[in-house]
1. Expressed as an acute angle from 0 to 90° and rounded to the nearest 10, what is the orientation of the C-alpha long axis of helix 14-26 relative to the principal long axis of the chain?
2. R0 = 25 Å: FRET efficiency of ASN94 with ASN71, Cβ-based, nearest 0.05?
3. For segment 70-152, take the convex hull of the Cα atoms, compute a quarter of its surface area, and give me that in nm², please.
4. By how many nm would the segment from LYS281 to PHE235 grow when fully extended, if each residue of separation counts as 0.36 nm and the alpha-carbon distance is taken off?
5. Among LEU212, LEU246, which comes first, second and so on when ranked by fewest other beta-carbon atoms within 10 Å?
6. Are there any trypsin sites (Lys or Arg not before Pro) in segment 174-234 that are in a DSSP loop and have at most 14 other Cβ atoms within 10 Å? List them by number.
7. Please compute, over every Cα-Cα pair in segment 10-116, the percentage with a separation greater than 18 angstrom.
8. State which stretch of the chain is the longest one without any exposed GluC sites (Glu not before Pro), exposure meaning a DSSP loop state and at most 11 other Cβ atoms within 10 Å.
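Bear in mind these aren't lab numbers, they're just calculated from the coordinates by the rules spelled out. Computed from a prediction, not measured in an experiment: that's the story for all the values here. Cβ placement follows ideal geometry from the backbone for every residue including glycine, while neighbour counts extend to all protein chains displayed.
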Amino acid sequence: MNYELVNVLRADTENWKHQKQRAQESNSKLITLAPDPFFLRKHENDYSTMINVVDTVTKRTYDQQQSLFFNKVPTVAGAQIFMNADGVTSIIKNGERIGKLRLFPGTRRLVQDVTYYNGDGTRDLIEEYTFDGQLYSNIFYYQDQVQEIAFFDNQQNVRLRFHFYEGSLNLITIENPVTHEVTEKYDSMAQFQAAQVAKIVGPEDHVGIGYLGIELDALSKTKSTNTLYLDEPAFDGDQLKGNLKLIIENNISYIQQVVVRPEDYQRMLEQGIDVTKVKAK
């Protein structure tokens, strides 16, 4: 099978336009890496054959017929939801504003997330919802710093947690949704993504990427045939970019081919760089 891999699908970028064209021409499935409550909307509007790594872990499915209107969102007992004149939707209890709703852009009604506040005005919790109105995640805060993100399946069982220390991600755990026993543990996002992508793509598959960063690291455990289609310049000044140099010299061996702009390919030839793994667009 053919795949294209990207951290986040950003439909307004030139890179995505090129990647989408490749994907359509090769009948590829798109894999996105980052958590994305907008996944269903992108699936509908931008590319219909796609999967998300976080959704694969949580086993989430989507229902295009469902949605969640702002006045139906589950909230604190006794609280009321008001749409203000300025467009901000507030949650009020006993005359106090305890939270606010944010709506998906362009919908005016569908809930994207709900933020709850402590008495001092700092954030306590954010509930994220998917475009089809299902609870996607809970983001927990302490002293206005994120402490943990818990990702749910369709039955609102936690299957995946991102743990933070002093504002930085330092642990990722996958757990049994019933017993909450931790079944997998990772020290970094790169480790987590690489392990999950390796479960999706196999030795007979082909994967294309367009960047030298997150997507490159996510392929590090794969046995597939992987191609880097480099949209950005290959050189920093007179030098090849670091990761690109490692690929060309085969120190990063899990990328088998690099496709670069014709002017960069010519420059490599002029500098005597080994272009065994390189071809011009």
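1. Tilt of helix 14-26: around 70 degrees.
2. Working: r = 19 Å, r/R0 = 0.78.
Working from the Cβ atoms, E equals 0.80.
3. Numbers: hull surface 23.2 nm².
Approximately 5.8 nm², given one-decimal rounding.
4. Values: separation 46, 0.36 × 46 = 16.56 nm, distance 1.61 nm.
Result for the pair: 15.0 nm of gain on full extension.
5. Working: LEU212 21, LEU246 16.
Ascending Cβ contact count within 10 Å gives the list LEU246, LEU212.
6. Numbers: sites: LYS185, LYS199, LYS221, LYS223; in loops: LYS221, LYS223.
Here the trypsin sites (Lys or Arg not before Pro) that fit, given the DSSP loop and packing criteria, are LYS223.
7. 60
8. On the way: sites that count: GLU166, GLU181, GLU204.
Looking at the chain, 1-165 is the longest stretch - no exposed GluC sites (Glu not before Pro) with at most 11 other Cβ atoms within 10 Å.
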